[in-house]
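Quick note: the coordinates plus some simple rules give every number you see, no bench work behind them. Everything numeric in this text was worked out from a predicted model, so none of it was measured. We place every Cβ from the backbone using ideal geometry, glycine too, and count neighbours over all the protein chains shown.
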Amino acid sequence: MTQDSDKSAFSADIPEDAIAEALEAVERSSRGAPAPALPGVEVEAPAAPIAAGPAEVSPFSNEAEKLRLELEMSQEGSRKVYAQLKEEHERLLRTAADHENYKKRVVREKDELLRYANERLVKEILPTLDSLDRALAAARAGDPLTSGVEMTRRLLEDALGRFGVKGFSARGQTFDPRVHEALMTVATAAQAPGSVVEEMQRGFYLHDRLIRAAAVVVAAAPPAAAAPPAAADGSGTAKRDGEP
């Protein structure tokens, strides 16, 4: 028998209705409907769906979370370090400013100390200069010693001037309590009240500092003239104006 005759024999062995049922079952299966059981064929029940277990955590998610936490901790530490550095920087700036002010104050105090270091010595010499002034004021005209005393006084005053000592006179000026010392007041109409009538002792500066005030006599207003007493009659009683 040939191959073609074999195929014909095989196809003739399957019934037509079985072929139709198989095709219908395939169509229902494609639509999701359960296929009918064929006679003599056991159909296995579909396996129960496997319940989904807990989702597995990706190792990349754990690593990203760890890196995020480390970044936050690093940023927080950086902020703390920055705050500390800023505070330390401000403290150093304040320290540097205080040190600079201290240096300036030391230099200023040193200059002032050197500038006025001779103040006590000058105060001790000034009475000698006052004595020479009084000697010249009391000298008789034509006295041969006057020129020598005057020269000595001039040399002494020039020497003091080289160290910043300057004298000033208060004669004819208005009394100023900042640079004048009033020894007494004199009632006089020759000068305005409050003006210096006489200078008993000159004042002196050491550079720009007053080291001795000028001792002066200050003018005061004379007392007002007293009113003439009223005329009295024989009874001893003073008469008023317009009375008989």
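Between Ala64 and Lys86, the FRET efficiency estimated from the beta carbon spacing at R0 = 41 angstrom works out to 0.80. Counting other Cβ atoms within 10 Å as a rough exposure proxy, the listed residues Met151, Met200 run Met151, Met200 from fewest neighbours to most. Geometric descriptor of segment 66-115, per residue, is 29 Å³ (volume of the convex hull of the Cα atoms).
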